[in-house]
Amino acid sequence: MSADVRDILDMERANTPEVTRDSFLATKKRNFERTKNASRRPEGMHREVFALLYTDKKDAPPLLPTDTALGIGAGYKQAKARLGMKKVRKWEWAPFCNPARNDAAVFHHWKRVSDNSTDYPFARFNKQVEIPSYTMTEYNAHLRNNINNWSKVQTDHLFDLARRFDLRFIVMADRWNHQQHGAKTVEELKERYYEVVALLSKAKNQTSEKKIFTYDAEHERRRKEQLEKLFKRNRQQVEEEQMLINEMKKIEARKKERERKTQDLQKLISQADQQNEHASNTPSTRKYEKKLHKKKVHPQPRPSKVDSVVNAIEIGSSGIKFADLRGSGVSLRSQKMKLPANIGQRKVKALEQAIQEFKVDPAPPPTEEICTSFNELRSDMVLLCELRTALSTCVYEMESLKHQYEAACPGKTLNIPPSLVPIKTEALDNTSN
């Protein structure tokens, strides 16, 4: 840039050395050595922090902590504490009384001489609970409702303990005089206290000012019994409860899945009905419907899954059709037991679960008889899974029809014949045994 300016102004150019091959290689070698000997940034340190600590020219950091930057004691920190600049405040060992106590006890503590306040500063944290009081006339008029369990002497002792221990009922039950007043539980003490407070509030017309607290002693007893039973459970009971919780979660998940499928099916049916209504409004569809009406052709109902399974059993197309390896070439006999590729993943998983349920070897030795029997067994297992699915679908449809009938006809119940009710597997096992 400076050379161009000098040429424009016709000024003499500074003497610069001529660039030769040797000088260029020497400069490049010098730069290579400089980069080679440069210090590397430690791993984990940020680039900005490393730039503050070190540079290629080995310059000093831009900031240095110092004590004498602007004179003695005016730097970043002070070397010595400045003592003796002010007078020390005097303290004295003074007596004090706590207004929260009623025994006029005198204590001592250190305080400043200049502090003239005589009140104990921590007395403001002493919060007193308002315990109601009653006279003999009020007791005879309103509080003689539970004479069999509570007398006046017991009630007076209860309220005396409530004032002494600030309604700490656990401590009150511990300090209760069992010899003079009989045994009382914590629930009985709470029930009597809140009962008396409620009766006094009603008698003095204080129900609008203060909220009346109702204590349910029976509920508290049942709660503590349940907690005690819960605490005394053994390991088997805890595992059984966890198993029941897991089963309940599975049942809820199946219920949600079934409801979701039902909603999706209803959406599909409603969409199909809308499309049919839209298509029925066209002229060509009307002509076709007139022809059908003339020929008296009635539409057939939509077959359910149960009908499809039953039809497949009657035709003989249910189960699995294994490939026939009678073609040319050499093949292993174990290939006969290989599942066909047209079977879905659901059937494969259902077949694996059935094999584990009946404790069958999933890979038996592939003899001729075993191959044939094993293929037939797996085909029957697939048929069994389909029949189970159809049975559960049939039961679900019967239950839904029963609920629809009861909703449509209140007060009536749809009785399903015993022949249509499925027999449980336990009953079948007992009859077979």
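The values are calculated or read from the model by the stated rules, or taken from the named source; none is laboratory data. Just so we're clear, the structure is a prediction, and the values are computed from it rather than from any experiment. Positions of Cβ are generated from backbone atoms using ideal geometry, with glycine treated the same way; all protein chains shown enter the neighbour counts. Please note that ligands, DNA and RNA were not included when accessible areas were found on the heavy atoms of the full protein model with its side chains. Shrake-Rupley method; radii C 1.70, N 1.55, O 1.52, S 1.80 Å.
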Classify the stretch 116-263 as rounded, prolate or oblate, taking a ≥ b ≥ c as the square roots of the eigenvalues of its Cα gyration tensor: rounded when a/c is under 1.5, otherwise prolate if a/b is larger than b/c and oblate if not. prolate
Per residue, how much accessible area does the stretch 337-420 show when a 1.4 Å probe rolls over the protein heavy atoms, in square angstrom? 72 Å²
Expected unfolding gain across residue 175-residue 202 under the 0.36 nm per residue rule, minus the alpha-carbon gap, is 6.7 nm
Once phi for every residue in the stretch 345-353 is put through the Karplus expression 6.51 cos²θ - 1.76 cosθ + 1.60 (θ = phi - 60°), the whole-Hz ³J(HN,Hα) values, with Gly and Pro written as x, are 5, 5, 5, 5, 5, 5, 5, 5, 5
With a 1.4 Å probe and all protein chains left in place, how much of the accessible area of the stretch 327-366 comes from carbon and sulfur atoms, in whole percent? 53 percent
Residue-span extension gain [residue 391 to residue 370] - 0.36 nm each, minus C-alpha spacing: 4.5 nm
For residue 355 and residue 409, compute 0.36 nm times the residue count separating them, minus their Cα-Cα distance, and round to one decimal in nm. 14.8 nm
Which FRET efficiency value, to the nearest 0.05, do you get for residue 52 and residue 87 by plugging their Cβ-Cβ distance into 1/(1 + (r/R0)^6) with R0 = 35 Å? 0.15
Checked against a 24 Å limit on the C-alpha separation, the offending pairs among 349/402; 261/402; 204/224 are 349/402; 204/224
On the formula 1/(1 + (r/R0)^6), with r taken between the Cβ atoms of residue 247 and residue 274 and R0 of 51 Å, the FRET efficiency rounded to 0.05 is 0.80
Between residue 97 and residue 165, the FRET efficiency computed from the C-beta separation at R0 = 41 Å comes out, to the nearest 0.05, as 0.95
In Å, the C-alpha Rg and Dmax of the stretch 179-232 are 15.0, 47
Once label points are set 7 Å from the Cα along Cα→Cβ at both residue 210 and residue 379, what is their separation, rounded to one decimal in nm? 8.7 nm
Tally up the carbon and sulfur contribution to the accessible surface of the stretch 95-186 as a whole percent, 1.4 Å probe, everything protein left in place. 49 percent
Compute the normalised compactness of the stretch 337-420: alpha-carbon radius of gyration over 2.2 N^0.38 Å, N being the residue count. 1.66
Counting only heavy atoms of protein chains, what accessible area per residue, in Å², does the stretch 105-249 have with a probe of 1.4 Å? 76 Å²
